[in-house]
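What follows is a set of notes on a single structure, which appears directly below.
No value in this document is a laboratory result; all are computed from the given coordinates. These figures come from a predicted structure and were not determined experimentally. Glycine gets a Cβ as well: all are built from the backbone with ideal geometry, and neighbour counts include every protein chain shown.
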Amino acid sequence: MAEAEWWQRGLVYQVYPRSFQDSDGDGIGDLDGIRRRLDHLVWMGVDALWISPVFPSPMKDFGYDIADYCGIDPIFGDMDAFDRLLREVHARGLKLILDLVPNHSSDQHPWFRESRASRHSPRRDWYIWRDPAPEGGPPNNWLSEFGGSAWQFDEASGQYYYHAFLPEQPDLNWRNPAVRAAMHDAMRFWLDKGVDGFRVDVMWHLIKDDQFRDNPENPGAGPGGAPAGRLIPEFSADRPEVHEVVAGLRAVMDAYPARVLIGEIWLPPERLVRYYGANLQGAHLPFNFQLIDAPWDARLIAGLIDRYEAALPPGGWPNWVLGNHDRSRIASRVGPRQARVAALLLLTLRGTPTLYYGDEIGMTDVPIPPERVRDPYEKNVPGLGLGRDPVRTPMPWDGSANAGFCPPGATPWLPLGADGAGPTVARQREEPDSLLQLYRRLIALRRMEPALSLGSYVAVPAGGQVLAYERHHGDRRLLVVLNLGGDAGVLPLAVPGRVLLSSGGHAVGAALSGRLDLEPGEGVILALQPG
């Protein structure tokens, strides 16, 4: 295991900083709050901490609109607070990954202000400006992910600028070498401080078609979906030239030892794996989101695992994501019993797992009253259920006022959910059979068993809602069997085995042969008999 990189062996834990821990009573989580809760991550056995953006920002999209790539927003603290966090992360043997947003900046960034000042500005070409269409109106039909045209008209200059997201998030022009150099310098600023890696936001958006051709209509778009889904983004994302850009980001990382480059990429597996790059000189981990969007069906999930494994380039290291700050929480998608099975799935598949804060205690989506909606996505396209606030609510640490997230009397920036009735970290730490304790045991087993952290993957035939596979390392063979259904399940055992872990009623150490009977929603890990 010593020969593997830390990001191959380990578990990445994502923190949404506004919602992890408030240290100063303003109702918003911050860097000192994260630092105060590092012992929770150590107790769980986490290896790396990834924090969503904390850079200076007008917060139109809560930090994904950056006004300074080399600073800290006062909401979260200051650079001293960041340095303290980084020191304590490293002192505990953890790694720190920052969220880099290079596709677009805030419209308040000095670069864009200068670009907007004049058609003749030296930084005009740092962003994507186009004349109106010959008949007037936007240059083409490209749509914003947040609704409406992706082109914003600038009265002063008579041109449109492109924004894949909010109008306050103008896209940078990555065809301009000066933009690449400036962003590489920003990366080096943090790498020189000792940051261990970056998760790169919307990596597949970084280059757009140089001819600005219209995107084709999407024949599969149906009513009620995301507004941008009515077009196929053939010319506004995932362009062939993007891989040269990603290789440039990777070259910056490779000048520093033991760093990781992670890419946010929502694409089918066959296109996703291209982001490993030629000769694996792209992203170390192009995020694989298949489990987030997949129906909870054993046969379907078995197929997507096989498809992903088959698509990986030789030497490409896989990864799996179960939840994040943009999608409904896993416990809301599959229910509390299956959330335990999901934990086994995430932590026993081949590759690096990423765990979203709160999923370890089974946090669910929190209903947000209309007057407390904060997400611009929900405000721009109301009524479609696309808002992300329900999955970004504060972490419930204990049974005290405001669940220990912020001091009594403070108002959390988003509602906490079920008052006193929902799961808390403190309560689940005391319950030996809680989801949190299951995650802790799983992480410890993964660390102890090279077959789980680094071993090969072998699919095992199963029927109904039973999903089964083996993990091999040397002579060690582990069998993972998961019942994704609401009825009892069974798997014939060709080789006797001993129970290493169960999310249900099987006792650790029990010897099994002939068949494995599963409770509804039970997962079991067996060490198979050698020979």
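At R0 = 25 Å, how high is the FRET efficiency between GLU155 and ASP68 if r is their beta carbon distance? Nearest 0.05 is fine. That gives a FRET efficiency of 0.40. Only Cα pairs under 8 Å and 6+ residues apart enter the sum, and on that basis the relative contact order of segment 456-528 stands at 31 percent. Full extension of the segment from ALA401 to ASN218, taken as 0.36 nm per residue of separation minus the current Cα-Cα distance, would add 61.0 nm. Suppose each label sits 7 Å from its Cα in the direction of the beta carbon; what would the VAL373-ARG36 distance come out to in nanometres? Here the modelled spin labels are 3.2 nm apart. Within the chain, what is the longest stretch that has no GluC sites (Glu not before Pro) placed in a DSSP loop and near at most 11 other beta-carbon atoms within 10 Å? In short, 156-531. Applying the Karplus relation 6.51 cos²θ - 1.76 cosθ + 1.60 with θ = phi - 60° to segment 361-371 yields 3J(HN,Hα) values of 10, x, 4, 10, 4, 9, x, 10, x, x, 6 Hz, where x marks Gly and Pro. Pairs of Lys residues in the chain are counted when their Cα atoms are under 29 angstrom apart and they lie 8 or more places apart or on different chains; the count is 6.
Annotation: amide H-H contacts under 5 Å for ASP154 (H modelled 1.01 Å from N, sequence separation of 5 or more, or interchain): GLN159, TYR160, TYR161.
Counting only other residues whose beta carbon sits under 12 Å from that of SER19, what net charge do I get with K and R as +1, D and E as -1? Local charge sum for SER19: +2. Pick out, from ALA133, SER106, GLN152, the residue whose Cα sits farthest towards the positive end of the charge dipole of segment 91-155, with +1 on the Cβ of Lys and Arg and -1 on the Cβ of Asp and Glu. Going by the charge dipole, the pick is SER106. Here the dipole of segment 1-158 is about 240 debye; that uses its Cα centre as origin and unit charges on the Cβ of Lys and Arg (positive) and Asp and Glu (negative).
Taking the charge dipole of segment 244-323 about its Cα centre, with +1 at Lys and Arg Cβ atoms and -1 at Asp and Glu Cβ atoms, the residue from ALA294, PRO257, GLY323 reaching farthest to the positive side is PRO257. Each residue, ASP326 and ALA182, gets one label point 7 Å from its Cα in the Cβ direction; the gap between the two is 2.4 nm.
Relative contact order for the chain: 13 percent, from Cα pairs under 8 Å spaced at least 6 residues apart, divided by residue count. Candidates GLY387, GLY358, PRO369 compared by Cα position along the dipole of segment 343-404: farthest toward the positive end lies GLY387, with charges placed on Cβ. By the helix-only formula, in which each DSSP H run with n ≥ 4 contributes -39500 (n - 2.57) and the sum is divided by residues, the chain has a 222 nm mean residue ellipticity of -7000 deg cm²/dmol. The ranking of ILE301, ILE66 by Cβ neighbour count inside 10 Å, starting from the fewest, reads ILE301, ILE66. Taking label points 7 Å from Cα along the Cα-to-Cβ direction, ASP125 and VAL495 give a separation of 6.2 nm. For a paramagnetic label modelled on ALA459 (point 7 Å from Cα along Cα→Cβ), amide N atoms under 20 Å away belong, within segment 483-505, to 483-485, 490-494. A value for Rg and Dmax of the Cα atoms in Å was derived from the coordinates, and within the list (i) 26.6, 87; (ii) 21.2, 63; (iii) 23.6, 77 it appears as (iii). Summarising the amide proton neighbourhood of LEU49: residues at separation of 5 or more, or on other chains, whose placed amide H is nearer than 5 Å comprise TYR13, LYS95, LEU96, ILE97. With neighbours defined as other Cβ atoms within 10 Å of a residue's Cβ, the residues ASP154, ASP107, ASP192 order from fewest to most as ASP192, ASP154, ASP107.
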